[in-house]
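Below: one structure, written as structure tokens.
The values are calculated or read from the model by the stated rules, or taken from the named source; none is laboratory data. Every value quoted in this text rests on a predicted model; they were computed, and no experiment measured them. No Cβ is skipped: glycine too gets one built from the backbone with ideal geometry, and neighbour counts run over all protein chains shown. In case anyone asks, the SASA skips ligands and DNA or RNA and just uses the protein heavy atoms, side chains included. Shrake-Rupley method; radii C 1.70, N 1.55, O 1.52, S 1.80 Å.
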Amino acid sequence: MDRNEIKHLLDIVKGQLNGINKMLDDGVYCIDISNQLLASIALLKKANVVLLDQHLKHCVLNAPTREEREEKLAEISKVISKVM
């Protein structure tokens, strides 16, 4: 799994959230803050896509039995239903 890519995205989000807190303290215009929140949300979604992609490529494909693969696919389906 490419945990480094996920960690990098989360580090960026962490910086954005710190910046958003400062914007709130400084009384920055609400729409500007909202745009930064949306950028953070987009990066979190991207990190989740990378994580799920790696899960499919490694955990699902390398599951030792058909039953375990089906179980892991069912888990993915549950996650996708939360996103929808």
- Query: Does any residue in segment 1-26 that is under 13 Å from K45 (Cα atoms) come within less than 8 Å, Cβ to Cβ, of a residue that is charged (D, E, K, R) six or more places away or on a different chain, and which pairs are these?
  - Reply: L9/K46
- Search segment 40-79 for residues being β-branched (V, I, T) and in a helix (DSSP H, G or I), and hand back the single one that is farthest from the chain's Cα centre (by Cα). V60
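Specify the residue that is nearest to D2 (Cα to Cα); the eligible residues are those in segment 28-41 that are open to solvent by less than 60 Å² (accessible area, probe 1.4 Å) and not β-branched (V, I, T).
Residues of segment 28-41 that are open to solvent by less than 60 Å² (accessible area, probe 1.4 Å), as a first pass: 28, 33-34, 39-40.
With the extra rule that they be not β-branched (V, I, T), the set shrinks to 34, 39-40.
Working: S34: 30, A39: 22, S40: 20 Å.
In this case the residue turns out to be S40.
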- Query: When residues of segment 49-78 are filtered for being surrounded by 14 or more Cβ atoms within 10 Å (Cβ to Cβ) and touching a residue at least 12 places away in the same chain (Cβ under 8 Å), how many remain?
  - Reply: 9
